[in-house]
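The values are calculated or read from the model by the stated rules, or taken from the named source; none is laboratory data. Bear in mind the structure is a predicted one, so any value in this text is a computation, not a measurement. Note that each Cβ is placed from the backbone with ideal geometry, even for glycine, and that neighbours are counted across all protein chains shown.
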Amino acid sequence: MAAALAVGLTVTVQAGPASAATIPENDPVSATTTATAQTQAVGQCAALSTGAGSVREAPAPEMIQLDQAASTALATSVSVLAEAAGITSHTPAEFVQREGVKAYAIDVDGVKATSVTFPIVGEHFVPPSNLTFVLDETGNLNQYSESTVVERDSGILDLTTYRDGVQVHSAELDPSTLLAAGAAEPLFAAAAISPQQCIGAVLGVGAITAGIILVLCGGSCSVPITPPTAIVCAACIGGIAAVGGASIAAVMGCFN
């Protein structure tokens, strides 16, 4: 785990914010998730993490998707590092894909890290199943997580999360229930909006994606906000959806 990642890369970044990972179909963004609603959500959800009447002011973390050449090089190096550390996934190796790997440069208040996400594809695994590694600024393997979404024949989703090889959460979700919960109107009428609605509004994602993020990233994001914890939260969310210009402090406020 503490072995250094010795890899020399000429990193080229794509223009614009990090692109979203593949998300489930039939997951429309709520009509309430307009630019105004998203701005309002950032304020309300950030307030959830600090108490009513107090909004934590935190700059949006920089999360930039690296180009495919850099992502592929990092994937190769991380694979070697993981093998040397004796790390194996709970998912059979043939379902952990190199094709479509995504790497992100993350910078939260000057604390830098890199995340590398391998998609998990095959059998009943559906997006955004993934295996994600987080490297610190010096290239040491800081943490890894495995998140699987398995679709039953009935359409129910079984979600499981492992962190550093240990199962930390599992749940089953009904997509139709998530859609119904995400469509509640009006979004900001209640004194306290639901965590799912908060995530959907802050990130601009649909109800199913927001529900999946709530389950898979709950352990990583429902913690006190510090640069290191924000990096881990950003890496988890980055394996599922684009963080874009959203503040990680606001996203983490949805969980707390």
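Some observations on this one:
- Helices (runs of 4 or more DSSP H) fully within region 213-256 counting 1 or more residues that are touching a Lys or Arg at 6+ places or on another chain (Cβ under 6 Å): 248-255
- Filter pass, Thr138 being at pLDDT 90 or above, part of a helix (DSSP H, G or I) and more than 16 Å from the chain's Cα centre (by Cα): no
- Whichever residue in region 200-250 is under 16 Å from Ser145 (Cα atoms) and polar (S, T, N, Q) and, among such residues, is surrounded by the most Cβ atoms within 10 Å (Cβ to Cβ): Ser220
Rundown of residues vs (1) assigned to a helix (DSSP H, G or I); (2) of a type in the set (A, V, I, L, M), yes/no style:
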{"site": "Ile64", "(1), (2)": "no, yes"}
{"site": "Ser71", "(1), (2)": "yes, no"}
{"site": "Ile87", "(1), (2)": "no, yes"}
{"site": "Thr91", "(1), (2)": "no, no"}
{"site": "Arg98", "(1), (2)": "no, no"}
{"site": "Lys112", "(1), (2)": "no, no"}
{"site": "Gln143", "(1), (2)": "no, no"}
{"site": "Ser147", "(1), (2)": "no, no"}
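- Subset of region 100-110 (residues that are assigned to a strand (DSSP E or B) and either surrounded by fewer than 24 Cβ atoms within 10 Å (Cβ to Cβ) or on the phi > 0 side of the Ramachandran plot (or both)): Lys102, Ala105, Asp107
- Here Leu187 passes the criteria (1) surrounded by 23 or more Cβ atoms within 10 Å (Cβ to Cβ); (2) modelled with pLDDT of 90 or more; (3) assigned to a loop (DSSP other than H, G, I, E, B); (4) not acidic (Asp, Glu) except the one numbered (2).
- For beta carbons closer than 6 Å, sequence separation of 6+ or different chains, a first residue in region 229-244 that is among the β-branched types (Val, Ile, Thr) and a second that is at pLDDT below 95 and assigned to a loop (DSSP other than H, G, I, E, B), the qualifying pairs are Thr229/Val223; Ile237/Cys217; Ile237/Val243; Ile240/Ala21; Ile240/Pro128.
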